[in-house]
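See below for the structure under consideration.
The values are calculated or read from the model by the stated rules, or taken from the named source; none is laboratory data. What you see is a predicted model, and the numbers here were worked out from it, not measured in a lab. All Cβ positions, glycine included, derive from the backbone under ideal geometry; neighbour counts span all protein chains shown. What goes into the accessible areas is simple: the full protein's heavy atoms, side chains included, and nothing from ligands, DNA or RNA. Shrake-Rupley method; radii C 1.70, N 1.55, O 1.52, S 1.80 Å.
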Amino acid sequence: SAVISQKPSRDICQRGTSLTIQCQVDSQVTMMFWYRQQPGQSLTLIATANQGSEATYESGFVIDKFPISRPNLTFSTLTVSNMSPEDSSIYLCSVEEEDEKLFFGSGTQLSVL
Amino acid sequence: QQPVQSPQAVILREGEDAVINCSSSKALYSVHWYRQKHGEAPVFLMILLKGGEQKGHDKISASFNEKKQQSSLYLTASQLSYSGTYFCGTEIDKQGAQKLVFGQGTRLTINP
């Protein structure tokens, strides 16, 4: 199974600032996914990141707020821009492996003051 | 459309059994089950694709009803390590794990 490294593991940020989360996979993958998990809530897909093309965003998420980069087949970043306290969540990257299994990174716990 | 999980929370003693349900008003392409321990990433448990399918390993198994509108996860003779939040996920538009909508989760607590 893929090994996914996500950084930072947690951060406390000021309102109005931006944070970039990095996700590194130990093998080449076509698609990487970014999820958000608000406190005590379920997992919500933010966007799908393909190498070499624009990310595809789900309803309720926009590129200006959550720009994503995917420079190669093993790396992706998610930026949370102009943060507000409502952005306080755990952000998880994931990849799909054979048999439609999702593997998740350990997550980034973000707190916005 | 988010699947509905029940119950929202379960508290058991070690050795007891638990059943977690995941249902939808429409037929589902598949059901994926994940467990997340506190402070950790979700971990894949199993996927069911066919109506009437039953699948399991060790003491954790799952079923998918014939109409493909309900799945149940069975945990028998529960162990302390089973504690965590269980999520079912269903596909959007038959795009596989690429487009999963997760239920709200069921928090399972196993006490000694």
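Residue-by-condition table, conditions (1) farther than 30 Å from A:Gln109 by Cβ; (2) part of a strand (DSSP E or B); (3) hydroxyl-bearing (Ser, Thr, Tyr); (4) within 12 Å of chain A (Cβ to nearest Cβ):
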{"residue": "B:Gln2", "(1), (2), (3), (4)": "no, no, no, yes"}
{"residue": "B:Leu28", "(1), (2), (3), (4)": "yes, no, no, no"}
{"residue": "B:Tyr34", "(1), (2), (3), (4)": "no, yes, yes, yes"}
{"residue": "B:Tyr74", "(1), (2), (3), (4)": "yes, yes, yes, no"}
{"residue": "B:Ser81", "(1), (2), (3), (4)": "no, no, yes, no"}
{"residue": "B:Tyr86", "(1), (2), (3), (4)": "no, yes, yes, yes"}
{"residue": "B:Arg107", "(1), (2), (3), (4)": "no, yes, no, yes"}
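When you check B:Lys26 against the structure, is it modelled with pLDDT under 95, over 10 Å from the mean Cα position of the chain (by Cα) and open to solvent by 50 Å² or more (accessible area, probe 1.4 Å), yes or no?
Details: modelled with pLDDT under 95: yes; over 10 Å from the mean Cα position of the chain (by Cα): yes; open to solvent by 50 Å² or more (accessible area, probe 1.4 Å): yes.
It is true that B:Lys26 is modelled with pLDDT under 95, over 10 Å from the mean Cα position of the chain (by Cα) and open to solvent by 50 Å² or more (accessible area, probe 1.4 Å).
Return only the number of the condition from (1) away from chain B (no Cβ under 14 Å); (2) under 15 Å from the mean Cα position of the chain (by Cα); (3) more than 26 Å from B:His32 (Cα to Cα) that A:Asn72 does not satisfy.
Result: A:Asn72 fails condition (2) only.
Of everything in segment A:28-50 that's modelled with pLDDT under 90 and within 11 Å of chain B (Cβ to nearest Cβ), which residue is nearest to A:Gly105 (Cα to Cα)?
Looking at the filtered set, the residue picked out is A:Met31.
List the number of the failed condition for A:Asn82; all other conditions in (1) in contact with a Lys or Arg (Cβ under 8 Å, 6 or more places away or on another chain); (2) within 14 Å of another protein chain (Cβ to nearest Cβ) hold.
Of the numbered conditions (1) in contact with a Lys or Arg (Cβ under 8 Å, 6 or more places away or on another chain); (2) within 14 Å of another protein chain (Cβ to nearest Cβ), the odd one out for A:Asn82 is (2).
Among residues belonging to segment A:79-102 that are at positive phi and free of Cβ contacts under 8 Å to residues at least 24 places away in the same chain, point out the one that is nearest to the chain's Cα centre (by Cα).
A:Glu100
Which count do you get for residues in segment B:42-67 that are open to solvent by 50 Å² or more (accessible area, probe 1.4 Å) and either part of a loop (DSSP other than H, G, I, E, B) or charged (D, E, K, R) (or both)?
Result for segment B:42-67: 8.
Of the residues that make up segment A:51-64, is at least one of a type in the set (A, V, I, L, M), within 14 Å of chain B (Cβ to nearest Cβ) and farther than 26 Å from B:Thr85 by Cβ?
Of segment A:51-64, the ones of a type in the set (A, V, I, L, M) are A:55, A:62-63.
Adding the requirement that they be within 14 Å of chain B (Cβ to nearest Cβ) leaves A:55.
The next check asks that each one be farther than 26 Å from B:Thr85 by Cβ; those that pass are A:55.
Yes, that holds for at least one residue.
Residues that are touching a Leu at 6+ places or on another chain (Cβ under 8 Å) and open to solvent by 30 Å² or more (accessible area, probe 1.4 Å): list the strands (runs of 3 or more DSSP E) wholly contained in chain A that include at least 1 such residues. So that I can check it myself, show each step before the final result.
On the way: elements: A:4-7, A:10-13, A:19-25, A:31-37, A:43-50, A:68-72, A:75-80, A:89-96, A:102-104, A:108-112.
Ranges flagged: A:10-13, A:19-25, A:31-37, A:68-72, A:89-96.
Any idea which of (1) within 14 Å of chain B (Cβ to nearest Cβ); (2) touching a strand residue (DSSP E or B) at 6+ places or on another chain (Cβ under 6 Å); (3) under 24 Å from B:Arg35 (Cα atoms) is the one A:Ser9 doesn't satisfy?
Here A:Ser9 clears every test but (2).
Which one is most open to solvent (accessible area, probe 1.4 Å), of the residues in segment B:70-100 that are modelled with pLDDT under 90 and aliphatic (A, V, I, L, M)?
We begin by selecting, within segment B:70-100, every residue modelled with pLDDT under 90; these are B:90-100.
Now narrow it down to the ones that are aliphatic (A, V, I, L, M): B:92, B:97, B:100.
Values: B:Ile92: 53, B:Ala97: 0, B:Leu100: 5 Å².
Only one residue fits best here, namely B:Ile92.
Yes/no matrix, rows are residues, columns are (1) within 13 Å of the chain's Cα centre (by Cα); (2) in contact (Cβ under 8 Å) with a residue 12 or more places away in the chain; (3) under 26 Å from B:Gln2 (Cβ atoms):
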residue	(1), (2), (3)
A:Gln28	no, yes, no
A:Phe33	yes, yes, yes
A:Arg36	yes, yes, yes
A:Leu43	yes, yes, yes
A:Thr48	yes, yes, yes
A:Gln51	no, yes, no
A:Thr56	yes, no, yes
A:Ser59	no, no, yes
A:Pro67	yes, yes, no
